[in-house]
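S.K.: Sharing a structure below in structure tokens format, with a few things to ask.
The values are calculated or read from the model by the stated rules, or taken from the named source; none is laboratory data. Since the structure is predicted, the reported quantities are computational estimates derived from the model, not experimental observations. Ideal geometry is used to build each Cβ from the backbone, glycine not excepted, and the neighbour counts take in all protein chains shown. What goes into the accessible areas is simple: the full protein's heavy atoms, side chains included, and nothing from ligands, DNA or RNA. Shrake-Rupley method; radii C 1.70, N 1.55, O 1.52, S 1.80 Å.
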Amino acid sequence: MENNHKSEKPNFIPGMTPGQRIIFIWGPVMLKWAISMGVSMIAGVMIAFRFVIHDSKNVINMMNDQDALIEFAQRTLVKYTTPIEGAAALITIFVMLYMIHKDDKSEMAYGIVPNKKAPLMKYWMVIIISGMTSMALNNLILIGNLSRYSAAYEQVSEALFSPGLATQVICLCFLVPIAEELVFRGIVYRRIRWESRASVAVFYSAAIFAVLHGNLIQGIFGFLMGILFGYLREKFGSVLAPVMAHIVANLLTVFSSEYGFYQWEMSDIRLIGGVTVACAVVSTIICLAVREVDERPEMI
């Protein structure tokens, strides 16, 4: 995973202060957050305006009943959270692609040699290791009943998985994973990697990814999956690998929830235990295969 060639490279931008370096790394994350907040506020205003126009009497009545108003706002939030997330992700994708394009040019200008890109025929490993790892981690969360320790996790899950399956697939399985991977592995990981070892870039990009999830359960899951996504980014030499891995993990989670796979597993502790062990074994075997992928950069 480590690369001696990269560890000897000079600072990416000579003379950059520590404060500027923090902004350089955190800037894409803050921009993603700003886009999300902006879309949420615009959507909130539009939703409120719609209800005032079409159901003004009910809105006036609720203004005199604070509890009813809060309950109404919560129901509305649950209904529109996933589409709002999807819209914010779509905007984020275009912004991050532009930033990645600029980083490509900067990489060339400063003579930084990137890792080799693995051939597409090896991407089957990305699909399997991501699916097996995410399934094993989700099962461990279920076995440990960890959701009882985080009310925020239950609220987020209810909001994200309440829309129809098509909306979940488009927003949660494609738009959001693509946007997040462009931010965290496409830019944050890459910028840290320009000046650090692979292990440092993997750890810090995963840690930032985890913190931004905002609750304990998703934070732990996000950190561990973020480690995997960063490792795949390093070995396969392209952000396509973590994007594909993230999409697979989210597809598996959405469809398992929709069709009751987790409930079926939980019907027998031996069943869910066996599935978890099997997933862990397969994931470990594929990880050994991924280690053999040659990521060493071509020398110029």
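S.K.: Tell me the label-point distance for the pair Arg197, Leu31, using the 7 Å Cα-to-Cβ offset, in nm and rounded to one decimal.
M.R.: 3.0
S.K.: Can I ask one more? How much of the accessible area of region 196-269, in percent, comes from carbon and sulfur atoms when a 1.4 Å probe is used? All intermediate terms of the calculation are to be shown ahead of the outcome.
M.R.: Working: 2090 of 2990 Å².
Carbon with sulfur: 70 percent of the solvent-accessible area.
S.K.: Tell me the label-point distance for the pair Ile141, Val95, using the 7 Å Cα-to-Cβ offset, in nm and rounded to one decimal.
M.R.: Roughly 2.6 nm, to one decimal.
S.K.: What stretch of the chain, leaving out the sites themselves, is the longest with no GluC sites (Glu not before Pro) in a DSSP loop having at most 12 other Cβ atoms within 10 Å?
M.R.: Answer - 9-291.
S.K.: Let me ask another. Give the separation of the Cα centroids, region 255-293 to region 106-122, in Å.
M.R.: 33
S.K.: What whole-number distance in Å separates the alpha-carbon centres of region 220-253 and region 138-156?
M.R.: Using only Cα atoms to place each centre, the spacing works out to 21 Å.
S.K.: Quick one: Cα convex hull volume of region 99-151, Å³ per residue? Don't skip to the end; give the middle numbers.
M.R.: On the way: hull volume 7.9 nm³, N = 53.
Spelled out: Cα convex hull of region 99-151, divided by residues, is 150 Å³.
S.K.: Here's a follow-up. Relative to the longest principal axis of the chain, what angle (0 to 90°, nearest 10) does the C-alpha long axis of helix 18-54 take?
M.R.: The answer is roughly 20 degrees.
S.K.: Here's a follow-up. How high is the relative contact order of the chain? Use alpha-carbon pairs under 8 Å, at least six apart in sequence, and give a whole percent. Write down the numbers at each step before the final one.
M.R.: On the way: 329 pairs, mean separation 92.0, N = 300.
The value is 31 percent.
S.K.: Tell me, what is the Rg over Rh of region 162-261, with Rh the Kirkwood radius over Cα pairs? Write out the running numbers ahead of the final one.
M.R.: On the way: Rg = 13.7 Å, Rh = 13.7 Å.
Rg divided by Rh gives 1.00.
S.K.: Starting from the Cα of Ile42, step 7 Å along the direction of its Cβ; do the same at Gln20; then give the gap between the two resulting points in nm.
M.R.: It works out to 3.3 nm between the two label points.
S.K.: Would you mind checking Lys32/Lys102; Lys32/Lys235; Lys32/Lys122 for any pair whose Cα atoms are more than 20 angstrom apart? Could you put the intermediate results ahead of the total?
M.R.: On the way: Lys32/Lys102 17 Å; Lys32/Lys235 26 Å; Lys32/Lys122 31 Å.
Those over the limit are Lys32/Lys235; Lys32/Lys122.
S.K.: Turning to a different aspect of this structure: Can you tell me the dipole magnitude for the chain around its Cα centre, using point charges on the Cβ only (Lys, Arg +1; Asp, Glu -1), in Debye to the nearest 20?
M.R.: Values: 24 positive and 23 negative charges, 152 e Å.
In total the dipole reaches around 740 debye.
S.K.: Relative to the longest principal axis of the chain, what angle (0 to 90°, nearest 10) does the C-alpha long axis of helix 198-211 take?
M.R.: The angle comes out near 10 degrees.
S.K.: Whenever you get a sec, line up Lys32, Lys105 from highest to lowest accessible area (probe 1.4 Å, protein heavy atoms). All intermediate terms of the calculation are to be shown ahead of the outcome.
M.R.: Details: Lys32 50, Lys105 125 Å².
Per-residue accessible area, sorted high to low, gives Lys105, Lys32.
S.K.: A further question on this structure: Computed from the coordinates I sent, percent of Cα pairs over 24 Å apart equals one of (1) 60; (2) 57; (3) 51. Tell me the label.
M.R.: (2)
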